[in-house]
Amino acid sequence: MASMPCSSNLTSPLFDFSKSNRTHQPSCLSLPSCSTVTSIKSLLASSNSGFFQHGFALKAGISSGVSSNSRSQFGVFAAATTGKSIYDFTVKDIDRKEVPLSKYKGKVLLIVNVASQCGLTTSNYSELSQIYSKYKDQGLEILAFPCNQFGFQEPGSNDQIKQFACTRFKAEFPIFDKVDVNGPFTAPIYQFLKSSTGGLLGDLVKWNFEKFLVDKSGKVVERYLPTTSPLQIEKDIQKLVAA
């Protein structure tokens, strides 16, 4: 098993990154309280909010005021990728060992950016584990990439993330090294995923637990909002594993 996942708590959907202290890091292993999922859904439904237009927690050097209908401002990150297929990429697992994605040829892939302290964590990890148990023998692999860009809700080390996933959710699907999914340090695999699908804000991943579905040939076929639960996309997974 390559690696593991986690759980989280969103206290304010309109997190003000301009006033936040980047060095503040809440306890990695704090368990989620009652989530503000309704607030998150309202937030994600509005592409005009200042939250979207400031590019979430993008690293310094990226200006605010991102146009919600333009991919060009962030297209440079997608264009930087040289891979023609998802199988051209090599990533690091949570133990920082290199993993060529070509090992997943012929598999259906569900790729998710995860966080340990998000209001969506418990439901997503529970359902991801259900989906994986049901379809792993039919050719499904779930690839989870921890990311600390949204509300700084994945602040822990890889060892802490792995321990949390194993003890809290007993996850069996692989978890990989922590990555950036937006901004100048976007991981190449996410440059590829975003450039393959676009979306409401083009190349921007919107929050924790956005999902990309990849068919057996390595083609990205669907992209789902963070508020779309794993069980809601089960029918799409069924079709691909049966193909």
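Please state which one of 144, 165, 171 is touching a strand residue (DSSP E or B) at 6+ places or on another chain (Cβ under 8 Å), among the aliphatic types (A, V, I, L, M) and more than 17 Å from residue 231 (Cα to Cα). Full working, then the answer.
Working: 144 fails: more than 17 Å from residue 231 (Cα to Cα); 171 fails: more than 17 Å from residue 231 (Cα to Cα).
Of 144, 165, 171, the one residue that is touching a strand residue (DSSP E or B) at 6+ places or on another chain (Cβ under 8 Å), among the aliphatic types (A, V, I, L, M) and more than 17 Å from residue 231 (Cα to Cα) is 165.
Take residue 240 and decide whether it is modelled with pLDDT of 95 or more, under 20 Å from residue 115 (Cβ atoms) and among the aliphatic types (A, V, I, L, M). It would help to see each step written out before you state the result.
On the way: modelled with pLDDT of 95 or more: yes; under 20 Å from residue 115 (Cβ atoms): no; among the aliphatic types (A, V, I, L, M): yes.
When the stated conditions are applied, residue 240 does not pass them.
Considering only the stretch 121-131, state which residues are surrounded by 20 or more Cβ atoms within 10 Å (Cβ to Cβ) and either without any contact (Cβ under 8 Å) to a residue 24 or more places away in the chain or not hydrophobic (A, V, I, L, M, F, W, C) (or both).
Selection gives 121, 124, 125.
Could you give every pair whose Cβ atoms fall below 9 Å, whose first residue belongs to the stretch 93-120 and is without any contact (Cβ under 8 Å) to a residue 40 or more places away in the chain, and whose second residue is in a loop (DSSP other than H, G, I, E, B) and not small (Gly, Ala, Ser), counting only separations of at least 6 or pairs across chains?
100/89; 102/89
Table: residues versus (1) out of contact with any helix residue (DSSP H, G or I) (no Cβ under 9 Å at 6 or more places or on another chain); (2) among the charged types (D, E, K, R); (3) over 18 Å from residue 238 (Cα atoms).
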position	(1), (2), (3)
111	no, no, no
116	no, no, yes
122	no, no, yes
126	no, no, yes
131	no, no, no
138	no, no, no
146	no, no, yes
151	yes, no, yes
157	yes, no, yes
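The values are calculated or read from the model by the stated rules, or taken from the named source; none is laboratory data. Keep in mind that what you see is a predicted model, and the values were worked out from it rather than measured. Note that each Cβ is placed from the backbone with ideal geometry, even for glycine, and that neighbours are counted across all protein chains shown.
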